[in-house]
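Read through the structure below, which is laid out as structure tokens, and then see the notes.
The values are calculated or read from the model by the stated rules, or taken from the named source; none is laboratory data. This structure is a prediction, so every number in the text was calculated from the model and none was measured. Virtual Cβ from ideal backbone geometry, glycine too; neighbours counted across all protein chains shown.
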Amino acid sequence: MTYTATHPLGYGLSNDKARMNIDWVHHVLSEQSHWAQSIPRDVVERSIANSLCFAIYAPDGQQVAIARVISDFATFAYLSDVYLEESHRGKGLSKWMVQHILDYPDLQGLRRFALVTTNAHDLYRGCGFVPVHHPERWMERYNAEVYNG
């Protein structure tokens, strides 16, 4: 299902992967984000192909934001790679995008919707996210060097 929304400032939100600018997504993730530095393009392509993706487009049609959701669409979802171009920040676009993602019909009734952030706690708190209940139960396998050879 293609999902679209229009922001009062003329920005558009879409989950249409065919419209997504993969070159831009790869650039911002590999060079602008702190969590995906040096991520290879083929990994970005695979991640988009296997996720529910949302993008914001400026009034001129240029892509200015990305967000991915990894989910089984039944019990769990993980919000990832949320990025908005710096020149478009401060307009409420990130919160607008995240709220539309949370309201997306296929993501309703999930037991858990998770994310990891280092610096956007206020944004996500404003969308209903809270610190992990029982963090002592959570575990991970993490490889910070996976994209470095």
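Scanning region 37-46 finds no residues that are within 15 Å of the chain's Cα centre (by Cα), crowded, with 16+ Cβ neighbours inside 10 Å and not β-branched (Val, Ile, Thr). Within region 81-90, the residues that satisfy the criterion of being of a type outside the set (A, V, I, L, M) and either surrounded by 18 or more Cβ atoms within 10 Å (Cβ to Cβ) or in contact with a helix residue (DSSP H, G or I) (Cβ under 6 Å, 6 or more places away or on another chain) (or both) are ASP81, TYR83.
Taking the conditions (1) closer than 23 Å to ASN119 by Cα; (2) loosely packed, with under 12 Cβ neighbours inside 10 Å; (3) modelled with pLDDT of 95 or more; (4) not aliphatic (A, V, I, L, M) in turn, HIS34 satisfies each one other than (3).
For the residues TYR83, TYR78, the requirement of being under 14 Å from the mean Cα position of the chain (by Cα) and more than 22 Å from TYR11 (Cβ to Cβ) singles out TYR78. Looking across LEU93, LEU102, LEU115, one residue alone is within 18 Å of THR6 (Cα to Cα), free of Cβ contacts under 8 Å to residues at least 40 places away in the same chain and surrounded by 15 or more Cβ atoms within 10 Å (Cβ to Cβ). It is LEU102. Among the residues of region 52-69, not a single one is polar (S, T, N, Q), surrounded by 15 or more Cβ atoms within 10 Å (Cβ to Cβ), farther than 13 Å from LEU93 by Cα and in contact (Cβ under 8 Å) with a residue 24 or more places away in the chain. Considering region 1-29, the residues that are out of contact with any strand residue (DSSP E or B) (no Cβ under 9 Å at 6 or more places or on another chain) and either free of Cβ contacts under 8 Å to residues at least 60 places away in the same chain or charged (D, E, K, R) (or both) include one that is farthest from GLU145 (Cα to Cα), namely PRO8. Only residues that are exposed (fewer than 10 other Cβ atoms within 10 Å of the Cβ) and either touching a residue at least 40 places away in the same chain (Cβ under 8 Å) or over 13 Å from TRP35 (Cα atoms) (or both) were counted across region 123-148, and they come to 12.
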